[in-house]
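What follows is a single structure, written as structure tokens, with notes after it.
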Amino acid sequence: DITIQTTNNNVTFQDGTTGTAGQIVLSDGANLTIDTGSGAGNISINPTIAGTAAGGNTTSEDITLDAGTGNIELLNTAAAVIATDIGNVTLTGTTISVHDNITTTATGSDGNAGAIDINGAFVLEDSITIATNNASIDFDTTIASDSTPRALTIQQGSGTVTVGGDIGGTASNDLGAI
């Protein structure tokens, strides 16, 4: 497993050019955890995050990004920000801004279909799709667009979707479609 842990410091991954499809590739069941502590350390990731099913490993990689009271930005606009053989995804922060799709298509390290758990105000920076392979999707608080109305597509198959807060809320951050 790969763990990056700080005490309230920012963690940033850049791939050189905004909007290109650079990748962080996890392999052989290596889960990724980035934890900036309980304070205001932000997590900013420009490349996509992908897993692999290589090496005969049937369990895909899980992703946990925990920014405490900081923010998470998944910035890639050229491809899904999280996809390809990914199991469970857990995102925790005050605000979680996403510029492209999040997809879990595989089995998580817990042996179940990969679920998506979003703990913080979820902000669409573009029209996106959140998808699982028959697993749950949980938004613990609000879902909103940036200053432009954006479309949110949710594809959970037989899984459940839970939203613990408002969707949109004001004319300046309403969704364009859901």
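In table form, for the structure just shown:
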read-out	value
Selected from Gly93, Thr129, Thr12, residue furthest toward positive end of dipole (the chain; charges at beta carbon)	Thr129
Surface per residue (accessible, 1.4 Å probe) for the chain, Å²	42
Karplus 3J(HN,Hα) series, Hz, for the stretch 94-111 with 6.51 cos²θ - 1.76 cosθ + 1.60 (x for Gly, Pro)	5, 10, 10, 9, 10, 9, 7, 5, 10, 9, 10, 10, 10, 8, x, 5, 7, x
Percent carbon-and-sulfur accessible area, the stretch 87-171, ignoring ligands, DNA and RNA, probe 1.4 Å	43
Matching label, Cα extents along the principal axes in Å computed from the structure shown, candidates (1) 51, 31, 28; (2) 52, 40, 21; (3) 49, 39, 30	(3)
Interchain or long-range residues, amide H under 5 Å from Asn101's placed H	Ala80, Val81, Thr129
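The values are calculated or read from the model by the stated rules, or taken from the named source; none is laboratory data. Source: prediction; values computed, not measured. Cβ sites come from the backbone with ideal geometry, for glycine too, and all protein chains shown count toward neighbours. The protein model used for the area step is the full one, side chains on, heavy atoms only, and it has no ligands, DNA or RNA in it. Shrake-Rupley method; radii C 1.70, N 1.55, O 1.52, S 1.80 Å.
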